[in-house]
1. Rank Arg583, Arg274 by accessible area, highest first, at a 1.4 Å probe radius?
2. Roughly what % antiparallel, to the nearest 5, for the DSSP beta bridges in the chain?
3. Would you rank Phe95, Phe546 by solvent-accessible area, highest first, keeping every protein chain in place and using a 1.4 Å probe?
4. Rounded to two decimal places and with Rh computed the Kirkwood way over Cα pairs, what is Rg over Rh for region 241-332?
5. What's log10 of I(q)/I(0) for region 365-413 at q = 0.13, 0.29, 0.32 Å⁻¹, Debye sum over Cα points only, no solvent?
6. Hydropathy at least 0.5 by Kyte-Doolittle, axial extent at least 24 angstrom from the Cα trace: which helices of the chain, defined as entire DSSP H runs, fit?
7. For every other residue with a beta carbon closer than 15 angstrom to the beta carbon of Pro237, add +1 if it is Lys or Arg and -1 if Asp or Glu, then tell me the sum.
8. Using a cut-off of 21 Å between alpha-carbon atoms, which lysines can reach Lys139, once sequence neighbours fewer than 8 places away in the same chain are excluded?
Amino acid sequence: MANQDQIEVTRPTYFGLFSVAMATLMYEILLTRIFSVTMWYHFAFMAISIAMFGMTVGAIIVYLFPNYFRSEKTHQQMALSSLLFAIGIVGSFVFHLFVPFIAAGAHWAEALLHVVGTYVVISIPFIFSGIAVCLALTKFTQKVSKLYAFDLCGAAAGCVLLGALLNFADGPSAVFFIAGFASLAAFLFALGGKSGSAESSKTSKPFGGIGLASLICAIGLIAFASVNSYMADQQKPILRLRWVHGYIEALPLFEKWNSFSRVKIAGDPNDMHRPYAWGLTSKWPQDKKASEMELMIDAGANTWLTKFDGDASKVEYLKHDLTNIVHYIRPNSRMLIVGVGGGRDVLSALIFKQKWIEGIEINNNIIYAVNKYFGDYTGHLDRYPNVKFANDEARSYIARSKDKFDIIQISLIDTFAATAAGAFVLTEHSLYTIEAWRSFLNHLEPDGVLTISRWYFKNRPVEMYRLVSLAAAALKDQGVENPRKNIVIVAAMGGASGGRGMDGIGTMLVSKKPFSEKDLEIVSNFAKENLFEIVLSPKTSIDENFAKITEAKDLAPLLDTFPVNISPPNDDSPYFFHMLRFRDMFNANMWANGTMSHNPMAVSVLGLLTITVIILTSLCIVVPLLLRMKSAPLRGSAPLLWYFGMIGFGFMFVEISQMQRLIVFLGHPVYGLSVVLFTLLLASGLGSFITSNLSLSEKMTSFNSPVMRFGALLIVPIIFGSVTPMLISNFSAAETAVRIAIAVALLFPLGLYMGMAFPIGMLMAGGEQKELTPWLWGINGATSVCASVLAVAIALNFGITATFWCGAACYLLAFLFLLWDCTAKAKQRAVS
């Protein structure tokens, strides 16, 4: 029987591992994009955990069946597993296309069956991916440093490649491209097996049956993906998403994907109907109609394209929309619009003849759809001489801007879509934090106004409470002693928002100076004319909570006793929409407590997922332990078990916290993949590579010993955690290239350090405990799954910084367990 030392690790094997790791990460992240369309975004968050758990199951299978996964068959089994990974990707995705996630109107038991069934099927391909990666990392332990480096670098490449892929391919086509990459990995593994075995290369075909099948499969899948991508660009895809939120979706007029959204436009451009203006007065006559088309982001956030041919009288209704009240008190202004969407705010500003209109839109596909693809319909708003569109993230754009404005408008900027690079979808955009509003107010003229429109709930408007809390804190930060004089809230009840779960729209006006009597008179007249309600002004308040929030010198007693969290968010905890406290996550009565049920339900889903992954992680440790207690060399394995668990927790805590923190700093969700995750994974790959010179025979005090190398680098997360807040604060307004350079400089040493931990552990287990290495790899994967959920739970409740320091503490514990294992092994060698 052959052993690992008789099987050469050839170049195709390294690149096979690179390819399968690349395909795995690409598919993990792509699933969050697809699930955000076909499901609600809080279910999409689970895709990453399910994928990682599938890989963990693959590792445990390798551990439980050592007689099947023999060393002499390693390349063949890696090739077969990678091929099955590719086939599983296609099969599970097609299943998802034709089976609804939750059928509309389903009973809870049926809905649960749909949820469980979907995730079980989706996890299957990742089991095969896990087998392939586990075999590569555990059957060639002498080369694990280099192999793990290729694994991490492949994943890093996947981060960048997915973003590039979705710039020209739609979601379904990208799935088939990724399956093609997985098939290519199978071919490379098969080729590596032939290159590494002299005997087999003489007696077998050049690639073998699996290799040939994999090559044919790769060519076929990539060819189909290319054709479908071309047809999708022509808006005539062969294969497309069918079930969206339990309903079969009709073929849209326009569909375009990128790495953080799917943009879809539907409707009849010739249809005339009552305007879909959320804040439109209820007095608007039913016979006065407009032509509009719906623009949907993923499947949970919409905006509208308005037909405009230059005749302002055809869009007269915009002058009776509550969200446009600011134009009456600040005419002839320079204004900045955050979140252009379908262009309605820009069109409104044109109708009000504002002096300068600057619109920021983060999504390039929306700008393309509004100004190019449907430009004749919308009136080519970008061609007006006093209009400028900017494709950028609003907060970083404003921070870099040298200009000041009379109006900054933010109308209904939120989304029930998986954003933030798709990987960690409970990270929200950073517009609703004290630091962001400080920047907004600093970019207003002395008489400038910040106007924000949000959904309004009459009985308990907790979202508006939190908005007022944020405004009051930001004004106090500017030196305003009594914020009540600088805040006005007007609400429009019913109207176009009816039937969507809220009572209406509330628009809050925040002025740097106290509102004048003239301002208040204009607001009062506008509200009276359009049957709107003044909720809060310097003179009146229909809700005592608004008065308390704006007038209290110490908000702590009110905030602490309030049923939900209405404290002003900051950059360390930017979760404006998640107001449900951790202790109430399973209290269904709180879900509709003055806010849309989806966001509180998202926290409840997170709570259920936390419990689930803790149970599954425990099973991944206990079940293999029980099944192989008699046959496996378990004696003395406790420190390694804890070590691999701690580095699994540590890596994910650090990775997720920095994804959340630096996406705010870099200012665009694309950078979550192309900069943050890419840098961490690439640096970790290099960190793994440079551990190849470590030796167990060295004294523990030698730098080439595992303990000294790991221990010496414990200073890295301490330095990182200490200097990062300072650098982010000082360079938040720098050019994008500078901010990227700073992020890379911060992340690279951290990634280099974290990349050393896994190969060091494999080196420690590579002797008498080599048989345990698949299980140890599985434990590392299981704790990573658990950490991916716990990291978000910690950040929601204690902040992003707390998540990072939890990761640093895990690495410190890992070092102590490594020291324990090294000491025990040194004593064994001394005795023997």
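The values are calculated or read from the model by the stated rules, or taken from the named source; none is laboratory data. This one's a predicted model, so the numbers in the text were calculated from it and none came from an experiment. Please note: Cβ atoms are built from the backbone with ideal geometry, for glycine as well, and neighbour counts cover all protein chains shown. Surface accessibility is based on the protein's heavy atoms, side chains included, excluding ligands, DNA and RNA. Shrake-Rupley method; radii C 1.70, N 1.55, O 1.52, S 1.80 Å.
1. Listed by decreasing accessible area, they come as Arg583, Arg274.
2. 65 percent
3. In descending accessible area the options line up as Phe95, Phe546.
4. Reported Rg/Rh (Cα atoms, Kirkwood Rh): 1.04.
5. Debye curve over Cα of region 365-413, log10 I(q)/I(0) at q = 0.13, 0.29, 0.32 Å⁻¹: -0.40, -1.16, -1.18.
6. Span-like helices here: 11-38, 46-64, 74-98, 108-138, 144-165, 171-196, 208-233, 598-627, 638-666, 736-765, 773-798, 800-831.
7. Overall, the nearby charge balance is +2.
8. Lys73, Lys194, Lys770
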